[in-house]
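*Asks:* Pasting a structure below so you can have a look.
The values are calculated or read from the model by the stated rules, or taken from the named source; none is laboratory data. All figures in this text were calculated on a predicted structure; none of them were measured in a lab. Reconstructed Cβ throughout: ideal geometry from the backbone, glycine too, with neighbour counts over all protein chains shown. Surface accessibility is based on the protein's heavy atoms, side chains included, excluding ligands, DNA and RNA. Shrake-Rupley method; radii C 1.70, N 1.55, O 1.52, S 1.80 Å.
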Amino acid sequence: MQAFKNQTLKIYNSLSGKKEVFKPINEGHIGMYVCGPTVYSNVHLGNCRTFMSFDMIFRYFKHLGFKVRYVRNITDAGHLVDDADDGEDKIAKKARLEQLEPMEVVQRYTVDFHNILEKFNFLPPSIEPTATGHIIEQIEIIKTIINNGFAYEVNGSVYFDVTTFNEKKEYGKLSGRKLEDMIANTRELAAQSEKRNPQDFALWKKAEPEHIMRWPSPWGDGFPGWHLECTAMSTKYLGETFDIHGGGMDLKFPHHECEIAQAEACNGHSPVNYWLHANMLTLNGKKMAKSTGNSILPNEIFTGENTFLSKAFSPSVVRFFMMQAHYTSILDISNDALLASEKGFNKLMEAIDSLNKLPVKNNSTFNIEQWRQQCYDAMNDDFNSPILIAKLFEAVKQINLIKEEKGSITQENKTILTETLNSFVFDVLGLEDKNTTDNSSNKIDGVVELLIELRKEARENKDFATSDKIRNQLAEMGIELKDGKEGTTFNIL
RNA sequence: GGCAUCGUGGCCGAGUGGCUAGGCACAGCUCUGCAAAAGCUUGUACAGCGGUUCGAAUCCGCUCGAUGCCUCCA
């Protein structure tokens, strides 16, 4: 199925600042690279939002029938704690603090990262390469950049020469900065004498004797600069020019700017056709960041053990909440917003659960084809998941009308409705229905059905004391009974 | 200080130069033994001040405010 042939997809390209019609380099194929996490602590919710946005985009491409190679790296070296060129490596610092081998730190938090993503129902990327696994490729790129005259070696370290690069190419085009402005606004930094200019950034850093993470290179023992790994891995797996590069908004500068500079200095041309940037998740109106303490861990939401929220929320509710905002908008998380999303999510799931039993007539009161195309239109317009969800709720309304016998649907349309809802809700948005549950809850279902039957008999005998007792006690256990035209159904909260 | 983004009804959040998403909350009605659920109905918002226009929340300018980046962060 190659549905993409019938759809025109528009994407907001950060590089041009415009929505552009998406045209992959090779028809039917997409290469997409997304900057992954630095695995030095537990992944926080803001990270998750970015990756979730690209998971949704990945899912939609696949749904349209594209063959996608999705590369998302793991940064396990080279990312410094402090100033870009003078700080301690994040992983190494954590290892020192926790008295672990750096690779123990990497392993621990990589496992955590995967666990959380699995709970959020992420699709795994096609390739998940690590920085330490690509030291050789990074060294090769540095050699080429030096040969091309855009980098210089000082005392065992190699720096990218931004000034020289800017004379031949353009440094700052992604983030809208001009090198002259940056020079004029440079703040005083101590002990930066090694570099020719403060704007220059490290491609390779000499390892001091106490530095644990080190590799041999033509310039002596050292470790690669942070920006380099993404250039090395994206080039290796997706080629010198590929379709999509994504990441968080905060990586636009300097990280992505430096990637462009490195790739152009190395290969002579632009590495990426479409740059996508996911916006920040804020908590209490401020950006979430581990370093400031204004952050919440996914598990703290799932368990309810946190100071920000009144109760626990499931991964699907959080996912639904995030999908209700456009990926390029700042989204503020709050207790009220999550409560509202939870109700909306449950309403959506109940409608989908009731599809099987939906009665069929020989006419439809719902223009299903038009509705379905509107769902695609929403996603084709820069992955507008909030509009898509609005459309899904239009379908929910129709389903409920049909249940109330105030509307009708044909078998053929019902099939389309079911397929479309399943595709968008589960395949594209990546939500999970909590009612698709395991064996033990099937038994609970059976018990509840029995109680519903007993209550029905009590009601028929006008024994409301008994019927209310059943209803109230189930409610206390978090099982809600709903009396409808077709009989009583229930919902486990 | 520089660069950038944004400011939408009680809350969260889309969007377009005129036809004004959606969710949650609230109110009324229908249904119901009662309730819940579900359905229907109502709520006309776009920071402020100017300007362009037949018409702007949507375009332009200014003011105020918020956030992000400029230093590690998705």
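*Asks:* Before we move on, is A:ILE25 among the β-branched types (Val, Ile, Thr), more than 10 Å from RNA strand B (Cβ to nearest atom) and open to solvent by less than 10 Å² (accessible area, probe 1.4 Å)? Spell out how you get there, then give the answer.
*Replies:* Details: among the β-branched types (Val, Ile, Thr): yes; more than 10 Å from RNA strand B (Cβ to nearest atom): yes; open to solvent by less than 10 Å² (accessible area, probe 1.4 Å): no.
When the stated conditions are applied, A:ILE25 does not pass them.
*Asks:* Oh, and also: Give the residues of segment A:34-43 that are open to solvent by 10 Å² or more (accessible area, probe 1.4 Å) and either away from RNA strand B (no atom under 14 Å from the Cβ) or part of a strand (DSSP E or B) (or both), sorted by residue number.
*Replies:* Once the filter is applied, which keeps residues that are open to solvent by 10 Å² or more (accessible area, probe 1.4 Å) and either away from RNA strand B (no atom under 14 Å from the Cβ) or part of a strand (DSSP E or B) (or both), segment A:34-43 yields only A:THR38.
*Asks:* With the checklist (1) assigned to a strand (DSSP E or B); (2) touching a Pro at 6+ places or on another chain (Cβ under 9 Å) in hand, flag the one item A:PHE51 doesn't pass.
*Replies:* (1)
*Asks:* Would you be able to say whether some residue in segment A:120-140 is at pLDDT below 95, small (Gly, Ala, Ser) and more than 22 Å from A:ASP76 (Cβ to Cβ)?
*Replies:* No, every residue in segment A:120-140 fails to be at pLDDT below 95, small (Gly, Ala, Ser) and more than 22 Å from A:ASP76 (Cβ to Cβ).
*Asks:* Right, next: Scanning for something touching a strand residue (DSSP E or B) at 6+ places or on another chain (Cβ under 9 Å), assigned to a helix (DSSP H, G or I) and open to solvent by less than 40 Å² (accessible area, probe 1.4 Å), does segment A:373-380 turn up at least one residue? Spell out the reasoning first.
*Replies:* Just the residues of segment A:373-380 that are touching a strand residue (DSSP E or B) at 6+ places or on another chain (Cβ under 9 Å), to begin with: A:380.
Restricting the remaining residues to those that are assigned to a helix (DSSP H, G or I) gives A:380.
Among the residues that remain, those that are also open to solvent by less than 40 Å² (accessible area, probe 1.4 Å) are: A:380.
Yes: one or more hits.
*Asks:* Another question, then. Which residue, of A:ILE399, A:ILE409, is in contact (Cβ under 8 Å) with a residue 40 or more places away in the chain, surrounded by 14 or more Cβ atoms within 10 Å (Cβ to Cβ), within 10 Å of RNA strand B (Cβ to nearest atom) and more than 30 Å from the chain's Cα centre (by Cα)? Talk me through it step by step, then tell me what you get.
*Replies:* Working: A:ILE409 fails: within 10 Å of RNA strand B (Cβ to nearest atom).
Going through A:ILE399, A:ILE409 in turn, just one is in contact (Cβ under 8 Å) with a residue 40 or more places away in the chain, surrounded by 14 or more Cβ atoms within 10 Å (Cβ to Cβ), within 10 Å of RNA strand B (Cβ to nearest atom) and more than 30 Å from the chain's Cα centre (by Cα): A:ILE399.
*Asks:* Looking at A:ILE91 and the list (1) of a type in the set (Val, Ile, Thr); (2) touching an Asp or Glu at 6+ places or on another chain (Cβ under 9 Å); (3) under 20 Å from A:ALA265 (Cα atoms), which single condition is not satisfied?
*Replies:* The one condition A:ILE91 does not meet is (3).
*Asks:* Those residues that are over 13 Å from A:LEU481 (Cα atoms), surrounded by 13 or more Cβ atoms within 10 Å (Cβ to Cβ) and of a type in the set (D, E, K, R), I need them from segment A:443-468; list them, please.
*Replies:* A:ARG459, A:ASP463, listed by residue number.
*Asks:* Which residue is farthest from A:ILE91 (Cα to Cα), if the candidates are limited to segment A:6-56 and must be of a type in the set (Ser, Thr, Tyr) and over 21 Å from the mean Cα position of the chain (by Cα)? First the steps, then the outcome.
*Replies:* To start, the set of residues in segment A:6-56 that are of a type in the set (Ser, Thr, Tyr) comprises A:8, A:12, A:14, A:16, A:33, A:38, A:40-41, A:50, A:53.
Filter again for over 21 Å from the mean Cα position of the chain (by Cα), leaving A:8, A:16.
Details: A:THR8: 43, A:SER16: 35 Å.
By that ranking, first place goes to A:THR8.
*Asks:* Give segment A:324-337 a look and list any residue that's buried (at least 17 other Cβ atoms within 10 Å of the Cβ), of a type outside the set (Val, Ile, Thr) and at pLDDT below 90, or say none.
*Replies:* To start, the set of residues in segment A:324-337 that are buried (at least 17 other Cβ atoms within 10 Å of the Cβ) comprises A:324-327, A:331, A:333.
Restricting the remaining residues to those that are of a type outside the set (Val, Ile, Thr) gives A:324-327, A:331.
If the condition is that a residue be buried (at least 17 other Cβ atoms within 10 Å of the Cβ), of a type outside the set (Val, Ile, Thr) and at pLDDT below 90, then A:LEU331 is the only one that fits.
*Asks:* Which count do you get for residues in segment A:324-340 that are near RNA strand B (Cβ under 7 Å from one of its atoms), under 14 Å from the mean Cα position of the chain (by Cα) and among the hydroxyl-bearing types (Ser, Thr, Tyr)?
*Replies:* 1
*Asks:* Something else: Among the helices (runs of 4 or more DSSP H) contained in segment A:88-206, which hold 2 or more residues that are within 16 Å of RNA strand B (Cβ to nearest atom)? Don't jump to the end; show me each part of the working.
*Replies:* Values: elements: A:90-98, A:102-119, A:135-147, A:162-168, A:179-184.
By residue number, A:90-98, A:102-119, A:162-168, A:179-184.
*Asks:* Quick one: is A:GLY133 under 19 Å from A:LEU238 (Cβ atoms), assigned by TED's automatic domain parsing to the domain that holds A:PRO254 and free of Cβ contacts under 8 Å to residues at least 40 places away in the same chain? So that I can check it myself, show each step before the final result.
*Replies:* Details: under 19 Å from A:LEU238 (Cβ atoms): yes; assigned by TED's automatic domain parsing to the domain that holds A:PRO254: yes; free of Cβ contacts under 8 Å to residues at least 40 places away in the same chain: yes.
Criteria met by A:GLY133.
*Asks:* Is it the case, given these coordinates, that A:LEU421 is within 16 Å of RNA strand B (Cβ to nearest atom), open to solvent by less than 60 Å² (accessible area, probe 1.4 Å), under 26 Å from A:ARG319 (Cα atoms) and modelled with pLDDT of 85 or more? Step through it out loud before you land on a result.
*Replies:* Values: within 16 Å of RNA strand B (Cβ to nearest atom): yes; open to solvent by less than 60 Å² (accessible area, probe 1.4 Å): yes; under 26 Å from A:ARG319 (Cα atoms): yes; modelled with pLDDT of 85 or more: yes.
Spelling it out, A:LEU421 is indeed within 16 Å of RNA strand B (Cβ to nearest atom), open to solvent by less than 60 Å² (accessible area, probe 1.4 Å), under 26 Å from A:ARG319 (Cα atoms) and modelled with pLDDT of 85 or more.
*Asks:* Assuming A:PHE393 fulfils every condition listed in (1) part of a helix (DSSP H, G or I); (2) more than 40 Å from the chain's Cα centre (by Cα) apart from one, which condition is it?
*Replies:* A:PHE393 satisfies all of (1) part of a helix (DSSP H, G or I); (2) more than 40 Å from the chain's Cα centre (by Cα) except (2).
*Asks:* Return the only residue of A:ASN362, A:ASN400 being within 23 Å of A:ILE492 (Cα to Cα), out of contact with any Leu (no Cβ under 6 Å at 6 or more places or on another chain) and modelled with pLDDT under 90.
*Replies:* Details: A:ASN362 fails: within 23 Å of A:ILE492 (Cα to Cα).
Testing whether each residue is within 23 Å of A:ILE492 (Cα to Cα), out of contact with any Leu (no Cβ under 6 Å at 6 or more places or on another chain) and modelled with pLDDT under 90 leaves just A:ASN400.
*Asks:* Out of A:ASN267, A:ASN346, which single residue is touching an Asp or Glu at 6+ places or on another chain (Cβ under 9 Å) and either surrounded by fewer than 17 Cβ atoms within 10 Å (Cβ to Cβ) or touching a residue at least 12 places away in the same chain (Cβ under 8 Å) (or both)? Spell out the reasoning first.
*Replies:* Details: A:ASN346 fails: touching an Asp or Glu at 6+ places or on another chain (Cβ under 9 Å).
Checking each option against the conditions leaves just A:ASN267.
*Asks:* Something else now. Answer yes or no as to whether A:GLY31 is within 26 Å of A:GLN138 (Cα to Cα), open to solvent by less than 30 Å² (accessible area, probe 1.4 Å), modelled with pLDDT of 90 or more and in a loop (DSSP other than H, G, I, E, B). Break it down stepwise before answering.
*Replies:* On the way: within 26 Å of A:GLN138 (Cα to Cα): yes; open to solvent by less than 30 Å² (accessible area, probe 1.4 Å): yes; modelled with pLDDT of 90 or more: yes; in a loop (DSSP other than H, G, I, E, B): no.
Criteria not met by A:GLY31.
*Asks:* Against the condition part of a helix (DSSP H, G or I) and of a type outside the set (Phe, Trp, Tyr), how does A:LYS19 come out, does it pass? If you could, list the steps in order and put the result at the bottom.
*Replies:* Values: part of a helix (DSSP H, G or I): no; of a type outside the set (Phe, Trp, Tyr): yes.
So A:LYS19 fails the test.
*Asks:* While we're on this one: Of the numbered conditions (1) within 13 Å of RNA strand B (Cβ to nearest atom); (2) under 30 Å from A:LEU97 (Cβ atoms), A:ILE212 satisfies every one except a single condition; which is it?
*Replies:* (1)
*Asks:* Residue check: is A:GLY78 at pLDDT 95 or above, of a type outside the set (A, V, I, L, M) and in the same structural domain as A:TYR274 (by TED's automatic domain parsing)? Reasoning before the result, please.
*Replies:* Values: at pLDDT 95 or above: no; of a type outside the set (A, V, I, L, M): yes; in the same structural domain as A:TYR274 (by TED's automatic domain parsing): yes.
When the stated conditions are applied, A:GLY78 does not pass them.
*Asks:* Please tell me if A:PHE321 is open to solvent by less than 40 Å² (accessible area, probe 1.4 Å) and either among the acidic types (Asp, Glu) or more than 13 Å from RNA strand B (Cβ to nearest atom) (or both). Walk me through how you get there before you give the answer.
*Replies:* Details: open to solvent by less than 40 Å² (accessible area, probe 1.4 Å): yes; either among the acidic types (Asp, Glu) or more than 13 Å from RNA strand B (Cβ to nearest atom) (or both): no.
For A:PHE321, the condition - open to solvent by less than 40 Å² (accessible area, probe 1.4 Å) and either among the acidic types (Asp, Glu) or more than 13 Å from RNA strand B (Cβ to nearest atom) (or both) - is not met.
*Asks:* List the number of the failed condition for A:LYS90; all other conditions in (1) at pLDDT below 80; (2) surrounded by fewer than 22 Cβ atoms within 10 Å (Cβ to Cβ) hold.
*Replies:* (2)
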